[in-house]
Amino acid sequence: MRAEARWLGKFLGALDPEDLGVVLSVGSGTPTVRNTLQPWIGSSVFDPLAHRGVRVLHHELEPGEGIDVAGDLMDETVISQLRQLGVHTVLCLNVLEHVRDPRALATSLLATVAEGGRVVFTVPRRFPYHPDPLDSMLRPTPDQLQDLLPTSARVEGKGSIRCESLALHWVLKPRRLAVVAKAVRLAMHGTGPATSSQASSLRASSKAIFS
């Protein structure tokens, strides 16, 4: 979401490039996603980092255009490779709700950074079902998100980020008609939940925790 990207850009911008070190963005998507479909991600987060000379590694499960690291981040071989690359900051942005074991992923990501490093987690607080490829409907409060992290992690909660309404989000979204068509197809095939409370959610906000 736009407000989330602005918050993250401000937070990262306050850190010295040497302190940021090598940045790993988990589930980053292709350049089309971050620069065209959701251009506020590139302009608010990644472009400023590039201008400051910060190295960013973009991750996805499968190789593709603009992907620097591909693989399962719960695979020890992949984690070992990331340690060798000197990753010091990990961005896990709206990913935990799309995996079957968010606690295991959070634990694995914390293992990628050396002492003094950080992992930034954001998740939806109120947002409709959106499979990519699955949605566990994880919508935690800051305290619930912190409970997903290992007890040994030093954690600071940043609370809720107030974002635009979903109606405005869709209106401003590039290629919104294609997105709506995809949602209709999913609904017709019965792949989404049928509860009216989830379908009527019109306000999105995110929680963020970093360690």
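The values are calculated or read from the model by the stated rules, or taken from the named source; none is laboratory data. No experiment lies behind these values; they were computed from the predicted model shown. Ideal geometry is used to build each Cβ from the backbone, glycine not excepted, and the neighbour counts take in all protein chains shown. These area figures cover heavy atoms from the full protein model, side chains too; ligands, DNA and RNA do not enter into them. Shrake-Rupley method; radii C 1.70, N 1.55, O 1.52, S 1.80 Å.
State all residues of the range 95-118 that are part of a helix (DSSP H, G or I) and farther than 25 Å from LEU15 by Cβ; if no residue qualifies, say none. Reasoning before the result, please.
Taking the range 95-118 as the starting set, the residues that turn out to be part of a helix (DSSP H, G or I) are 96-98, 102-110.
Result: GLU97, HIS98, PRO102, ARG103, ALA104.
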Residue list for the range 62-78, filter: within 20 Å of ASN94 (Cα to Cα) and in contact with an Asp or Glu (Cβ under 7 Å, 6 or more places away or on another chain): ILE67, ALA70
Residues satisfying the stated conditions in the range 119-156, i.e. in a strand (DSSP E or B) and open to solvent by 20 Å² or more (accessible area, probe 1.4 Å): GLU156
